[in-house]
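Undergrad: What follows is a structure written as structure tokens; I'll ask about it next.
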Amino acid sequence: MDSFILKNGTLVLPDYQIDNAVLIAQQGIIIYAGAGPLEAVIRHFPEAASLPIEDCRGGYILPPLVELHIHGAFSVGFEQGPSAEDLVRLSVRLDAEGIGAFVPTMLWEEHAAAELVHAIKVSGLSPGKIPGIYLEGPFVNPEKRGGIPLQNIARPSKQLLQKILEVCDGFLAIMTLAPELEGVEELYPLLESAGVVIALGHSNTSGIGMKLPASRFSVTHLFNAMSGLDHRSGPGLAGYVLGGGKQRWAELNADGIHVNRFAMNVASRCLDPSQLILTSDAIAAAGMPEGMFSYFGQDALSDKTGVRYKETGTLIGSNRLGIELVKSFMAASGWPLHACVRAMSTNPWNLLNRAQPGLVPGAPAELFIWDRDLNHCWRSTT
């Protein structure tokens, strides 16, 4: 449907929620989103009186969620050379989970990156579905590589960066770099001029005298694969973020495994709601039954403890997605639902410098209706 009325829902906006809300859409555009009751609203919009009415039964009206940092899901892995059909299929599966956009995340490998760029181009998926590509590395610290194989890591090099930008052909949106590496500051201007958001991470910096980008920047998965809070020799990268650093955003994996509830609560007290971006760091095992699979040629196990290399037990990714992260962070932090949803909708779009109007009059009627327990959703959209 492109014309409809929603009633008896809780409208979730970036800064607040409206109970018993009414939303009216005509020809795919929201013409009213606010307080009810419906009868009073219709008096001001008599032209909407004949539109079909959907009773939300007390459920939530949410914008589409954004997976900013995701290596794959539903058996599709971005490092594995997905086809255009794979991307379309994944987009449909994620949409069924209330996830309207995703940024394919991968490690640097020239052939794989070229295949992913080609698949995006051929898929026909719009920038509203796939806003770009996220590269973790290759200019990261091997000491904090986490699940990144050594062959996917390189010293900072202008020549290699130029190659990366050429291969990504304008699709590179975010790149993770370690700020302590020699020569890394020479790469910042090249990325900034190419419109790529710099994210600091996979770093063992002390936090003292860090080489910081001149423009706005983010931090890759706070707490994970980075130097922690140090009360004596230096703050560490995590301490820098929590202590009021100059980063504009900080990602946090709220699956409850990568970061425990206490650390999530600390982050909620130190970061402004406009700074936090909830990410899954999910890999191809997400959305699939638990069990064994192969990842970068190694045996990996997906179960209730996350996704880990079988031999070493190294945590390499998440098997949880979207609303599960919102619910997990809300339980750990005590933040209201609207702030947690903002961290997985409005904030990622702001990082990507692509403002989204949200659920307001004049905006496209792109939204999901969730049940009161946030377990199931359905889409009302054009």
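Undergrad: Kindly indicate which of 265, 319 is of a type outside the set (Ser, Thr, Tyr), over 21 Å from residue 71 (Cβ atoms) and within 22 Å of the chain's Cα centre (by Cα). Steps first, please.
TA: Numbers: 319 fails: over 21 Å from residue 71 (Cβ atoms).
Result of the check over 265, 319: 265.
Undergrad: Within the stretch 297-314, work out how many residues are in contact (Cβ under 8 Å) with a residue 40 or more places away in the chain and either buried (at least 21 other Cβ atoms within 10 Å of the Cβ) or under 17 Å from residue 73 (Cβ atoms) (or both).
TA: Here is the first cut: in the stretch 297-314, the ones in contact (Cβ under 8 Å) with a residue 40 or more places away in the chain are 305-306, 309, 314.
Pick out the ones that are also either buried (at least 21 other Cβ atoms within 10 Å of the Cβ) or under 17 Å from residue 73 (Cβ atoms) (or both) and you get 306.
Here the count works out to 1.
Undergrad: Within the set of pairs 6 or more residues apart or between chains, which connect a residue that is under 16 Å from residue 135 (Cβ atoms) and in contact (Cβ under 8 Å) with a residue 12 or more places away in the chain inside the stretch 71-92 to a residue that is surrounded by 23 or more Cβ atoms within 10 Å (Cβ to Cβ) and charged (D, E, K, R) with Cβ atoms less than 8 Å apart?
TA: Cβ pairs passing all conditions: 71/281.
Undergrad: Something else now. Considering 40, 48, which residue is surrounded by 17 or more Cβ atoms within 10 Å (Cβ to Cβ), out of contact with any Cys (no Cβ under 9 Å at 6 or more places or on another chain) and small (Gly, Ala, Ser)?
TA: Values: 40 fails: surrounded by 17 or more Cβ atoms within 10 Å (Cβ to Cβ).
Answer to the selection: 48.
Undergrad: Here's a follow-up. Suppose the filter is assigned by TED's automatic domain parsing to the domain that holds residue 24, touching a residue at least 60 places away in the same chain (Cβ under 8 Å), out of contact with any Asp or Glu (no Cβ under 9 Å at 6 or more places or on another chain) and crowded, with 16+ Cβ neighbours inside 10 Å; does residue 363 pass it? Give the steps one after another, and end with the answer.
TA: Details: assigned by TED's automatic domain parsing to the domain that holds residue 24: yes; touching a residue at least 60 places away in the same chain (Cβ under 8 Å): yes; out of contact with any Asp or Glu (no Cβ under 9 Å at 6 or more places or on another chain): yes; crowded, with 16+ Cβ neighbours inside 10 Å: yes.
In short, yes.
Undergrad: Sticking with this one: Consider residue 209 carefully, then state whether it is surrounded by fewer than 23 Cβ atoms within 10 Å (Cβ to Cβ), within 17 Å of residue 145 (Cα to Cα) and without any contact (Cβ under 8 Å) to a residue 12 or more places away in the chain.
TA: no
Undergrad: If you take the residues in the stretch 253-295 that are within 24 Å of residue 149 (Cβ to Cβ) and of a type in the set (S, T, N, Q), which one is surrounded by the fewest Cβ atoms within 10 Å (Cβ to Cβ)?
TA: Selected residue: 294.
Undergrad: It is to be established whether one or more residues within the stretch 56-68 are in contact with a helix residue (DSSP H, G or I) (Cβ under 7 Å, 6 or more places away or on another chain), farther than 22 Å from residue 321 by Cα and not assigned by TED's automatic domain parsing to the domain that holds residue 322.
TA: Looking for residues that are in contact with a helix residue (DSSP H, G or I) (Cβ under 7 Å, 6 or more places away or on another chain), farther than 22 Å from residue 321 by Cα and not assigned by TED's automatic domain parsing to the domain that holds residue 322, one finds none in the stretch 56-68, hence no.
Undergrad: Can you find even one residue in the stretch 312-325 that is modelled with pLDDT of 95 or more, under 21 Å from residue 131 (Cβ atoms) and either of a type in the set (Lys, Arg) or in contact with a His (Cβ under 8 Å, 6 or more places away or on another chain) (or both)?
TA: Looking through the stretch 312-325, none of the residues is modelled with pLDDT of 95 or more, under 21 Å from residue 131 (Cβ atoms) and either of a type in the set (Lys, Arg) or in contact with a His (Cβ under 8 Å, 6 or more places away or on another chain) (or both).
Undergrad: Right, next: Taking the residues in the stretch 84-125 that are polar (S, T, N, Q) and within 21 Å of residue 317 (Cα to Cα) as candidates, determine which candidate is surrounded by the most Cβ atoms within 10 Å (Cβ to Cβ). Write out each step before concluding.
TA: Within the stretch 84-125, the first condition is being polar (S, T, N, Q), and the residues that meet it are 91, 105, 123.
Subset that is within 21 Å of residue 317 (Cα to Cα): 91, 105.
Values: 91: 19, 105: 27.
The selected residue is 105.
Undergrad: Considering only the stretch 109-154, state which residues are touching a Leu at 6+ places or on another chain (Cβ under 7 Å) and charged (D, E, K, R).
TA: Once the filter is applied, which keeps residues that are touching a Leu at 6+ places or on another chain (Cβ under 7 Å) and charged (D, E, K, R), the stretch 109-154 yields only 136.
Undergrad: With the condition kept exactly as written, say whether any residue in the stretch 36-54 is within 30 Å of residue 136 (Cα to Cα) and among the hydrophobic types (A, V, I, L, M, F, W, C).
TA: From the stretch 36-54, those within 30 Å of residue 136 (Cα to Cα) are none; that's our starting set.
Scanning the stretch 36-54 turns up no residue that is within 30 Å of residue 136 (Cα to Cα) and among the hydrophobic types (A, V, I, L, M, F, W, C).
Undergrad: Also: Looking at (1) loosely packed, with under 14 Cβ neighbours inside 10 Å; (2) in a helix (DSSP H, G or I), can you tell me which one residue 191 breaks?
TA: So residue 191 meets the others, but not (1).
Undergrad: Hey, which of the strands (runs of 3 or more DSSP E) in the stretch 206-290, taking only ones fully inside, have at least 3 residues that are under 24 Å from residue 143 (Cβ atoms)?
TA: Working: elements: 217-219, 250-253, 276-279.
Strands (runs of 3 or more DSSP E) meeting the threshold: 217-219, 250-253.
Undergrad: Go through the stretch 207-234 and report how many residues are of a type in the set (D, E, K, R) and more than 19 Å from residue 189 (Cα to Cα). Even if it seems obvious, please write down each step before you answer.
TA: Keep residues of the stretch 207-234 that are of a type in the set (D, E, K, R), which gives 211, 216, 230, 232.
In the following step, the residues that additionally are more than 19 Å from residue 189 (Cα to Cα) were identified as 230, 232.
Going through the stretch 207-234 one residue at a time, the tally reaches 2.
Undergrad: Which ones in the stretch 136-153 are surrounded by 15 or more Cβ atoms within 10 Å (Cβ to Cβ) and either under 20 Å from the mean Cα position of the chain (by Cα) or assigned to a loop (DSSP other than H, G, I, E, B) (or both)? Outline the logic, then answer.
TA: Going through the stretch 136-153, the residues surrounded by 15 or more Cβ atoms within 10 Å (Cβ to Cβ) turn out to be 136-141, 144-148, 152-153.
Across the stretch 136-153, the qualifying residues are 136, 137, 138, 139, 140, 141, 145, 146, 147, 148, 153.
The values are calculated or read from the model by the stated rules, or taken from the named source; none is laboratory data. No experiment lies behind these values; they were computed from the predicted model shown. No Cβ is skipped: glycine too gets one built from the backbone with ideal geometry, and neighbour counts run over all protein chains shown.
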